[in-house]
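Written below as structure tokens is the structure these notes are about.
The numbers here are math on the coordinates, done by the rules we state, and not lab data. These numbers come from a predicted model, not from an experiment. Backbone-built Cβ (ideal geometry, glycine too); neighbour counts: all protein chains shown.
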Amino acid sequence: MSIKRKYSRRKKASFPAILAGFLLILAAFVFSIRQLSQPVETTQVAGVTNEELNRKEFIEKLVPHAKELQKGYGVLPSIILGQAALESNFGQSQLASEYKNLFGIKAYGNVPKVALDTQEFVNEQYITIKGEFKVYDSWEASMDDHTMLFVNGVNWDPQKYEPVLLAKNYKVAANALQEAGYATDPQYADKIISMIEEYNLMQYD
């Protein structure tokens, strides 16, 4: 007696189901690639990048001492903060991070110093030269020396930065800095003003 075997028919997967599965796998793959390729420094948290957070933290760290210097000597905090941010790239430059010099203040005479490459605007073009810069123990010490430069001027011109101290707003002070020759950059005043306005530094004046 022969035994008849029953074979169950396999149900063929429908085309829509196959397509849906393929699209699901593709979406998961694309999402994974995007997550892996996302740079850490530009990851956004509540609409603010890590870089922006670091810049705000840098400014907030300097604000209390900048206000103290304003009370003692009259220099506008917005100018201190704007210059510090511009000159040091928010504390990230080698001169600022390793040698605590926030303002690119040059070294003269027998003081702690370091020689680093720097760009100067000469004969209508930027050139790279080796400059000697002061070395400080802290950012606060750098801020103190920066303010005293405004107060005391230089040996050959004690009133060199007096217009900066007398300025009642950041625009006048920034232009006074450029006129006094603080930096060789012909756009220096504009850059300081833009920095102050972008980060609303005049709120501390």
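What is the range 146-192 by shape, rounded, prolate or oblate, if you read a ≥ b ≥ c off the alpha carbon gyration tensor as root eigenvalues and call it rounded for a/c under 1.5, prolate for a/b larger than b/c, and oblate otherwise? It comes out oblate by the Cα gyration axes.
The amide H of T184, built 1.01 Å from its N in the peptide plane, has F121 as neighbours under 5 Å, considering only residues 5 or more places off or on other chains.
Taking a ≥ b ≥ c as the square roots of the eigenvalues of the Cα gyration tensor, the range 42-121 is oblate, since a/c reaches 1.5 or more and a/b is not larger than b/c. A cut-off of 5 Å between modelled amide H atoms, ignoring neighbours fewer than 5 places along the same chain, links G153 with Y161.
Please sort by residue number the trypsin sites (Lys or Arg not before Pro) in the range 121-205 whose DSSP state is loop and whose Cβ has at most 14 other Cβ atoms within 10 Å.
K168
Local charge for F103 was computed over the other residues whose Cβ lies under 13 Å away, with Lys and Arg +1 and Asp and Glu -1, and equals -1.
Across the cross-link table entries K71/K130; K67/K168; K130/K171; K56/K113; K71/K171, which are compared at the Cα atoms, the separations over 26 Å belong to K71/K130; K130/K171; K56/K113. What do you get for chymotrypsin sites (Phe, Trp or Tyr not before Pro) in the range 66-111 restricted to DSSP loop and a cutoff of at most 16 other Cβ within 10 Å of the site's Cβ? Filter output for the range 66-111: Y108.
Note that the range 107-120 has calculated 3J(HN,Hα) couplings of 9, 10, x, 8, 9, x, 8, 9, 9, 9, 5, 8, 9, 10 Hz, one per residue in order, obtained from phi through the Karplus relation 6.51 cos²θ - 1.76 cosθ + 1.60 (θ = phi - 60°); glycine and proline are x.
Within the range 112-190, the GluC sites (Glu not before Pro) that combine a DSSP coil assignment with at most 10 other C-beta atoms in a 10 angstrom radius are E124.
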